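Peer 1: Supplied in structure tokens, the structure appears directly below.
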Amino acid sequence: MAPVGLAHAAAVAGAAGSLLLAGGCTGPEGAFTALEPDAYTRQVLQADRPVVVYVHKALCPACLALAPTMAELSEEYAGRVTFLKVERTEAGDLRGMWGIRAYPTVLLFLGGAERNRWVYERRKAVYREALDAILAR
């Protein structure tokens, strides 16, 4: 059985993640937009700006640890980068298409092409460096 603190944190994070997946959300949870299963082409491939897709798994400790970083980055880059958050069970065929084998996985797309991929990366500076380089083009 998980310690009470971890179980509580996981439940809170899971509830926050569900809210984020329900639609756009701005606030302490970040400025995420739901990745709509039938709108992948429009939201990612045809996007007019860089797109970060944060693929996570409910109650995954590494995913829970990365969530605040993704939320902070989504606020910091709001209006310049689109941040999409999708839970593993919601990703469906996209997981196979993207070759997702571990969680959390973060993908950076530009012009419909994958430019960067991170697995288990928690350092905000690593994401900032990649985003700043893409935006400087």
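The values are calculated or read from the model by the stated rules, or taken from the named source; none is laboratory data. Computed from a predicted model, the values in this text were never measured in an experiment. Here the Cβ is made from the backbone with ideal geometry for all residues, glycine too, and neighbour counts use every protein chain on show.
Peer 1: Please go through segment 45-63 and pick out each residue that is surrounded by fewer than 21 Cβ atoms within 10 Å (Cβ to Cβ) and either touching a residue at least 60 places away in the same chain (Cβ under 8 Å) or not charged (D, E, K, R) (or both).
Peer 2: Answer for segment 45-63, where residues must be surrounded by fewer than 21 Cβ atoms within 10 Å (Cβ to Cβ) and either touching a residue at least 60 places away in the same chain (Cβ under 8 Å) or not charged (D, E, K, R) (or both): L45, Q46, A47, A58, L59, C60, P61, A62.
Peer 1: Checking the condition within 12 Å of the chain's Cα centre (by Cα) and of a type in the set (D, E), which residue from E90, E72, E114, E129 passes?
Peer 2: Result of the check over E90, E72, E114, E129: E72.
Peer 1: Among what's in segment 82-99 and is surrounded by fewer than 19 Cβ atoms within 10 Å (Cβ to Cβ) and within 19 Å of P61 (Cβ to Cβ), pick the residue that is modelled with the highest pLDDT.
Peer 2: Selected residue: R88.
Peer 1: Now, a different point. Counting only residues that are part of a loop (DSSP other than H, G, I, E, B) and of a type in the set (A, V, I, L, M), which one in segment 100-119 is surrounded by the fewest Cβ atoms within 10 Å (Cβ to Cβ)?
Peer 2: A102
Peer 1: A follow-up question, please. What are the residues in segment 116-137 that are charged (D, E, K, R) and either at pLDDT 95 or above or under 18 Å from A62 (Cβ atoms) (or both), if any?
Peer 2: Across segment 116-137, the qualifying residues are R117, E121, R122, R123, K124, R128, E129, D132.
Peer 1: Could you list, in sequence order, all residues of segment 120-130 that are surrounded by 14 or more Cβ atoms within 10 Å (Cβ to Cβ) and not charged (D, E, K, R)?
Peer 2: Those that are surrounded by 14 or more Cβ atoms within 10 Å (Cβ to Cβ) and not charged (D, E, K, R): V126, Y127, A130.
Peer 1: Restricting to segment 71-107, count the residues that are within 14 Å of Y40 (Cα to Cα) and of a type in the set (A, V, I, L, M, F, W, C).
Peer 2: The qualifying residues number 8.
Peer 1: Which ones in segment 42-91 are in a loop (DSSP other than H, G, I, E, B) and within 14 Å of F32 (Cα to Cα)?
Peer 2: Residues satisfying the conditions are P50, Y77, A78, G79, R80, V81.
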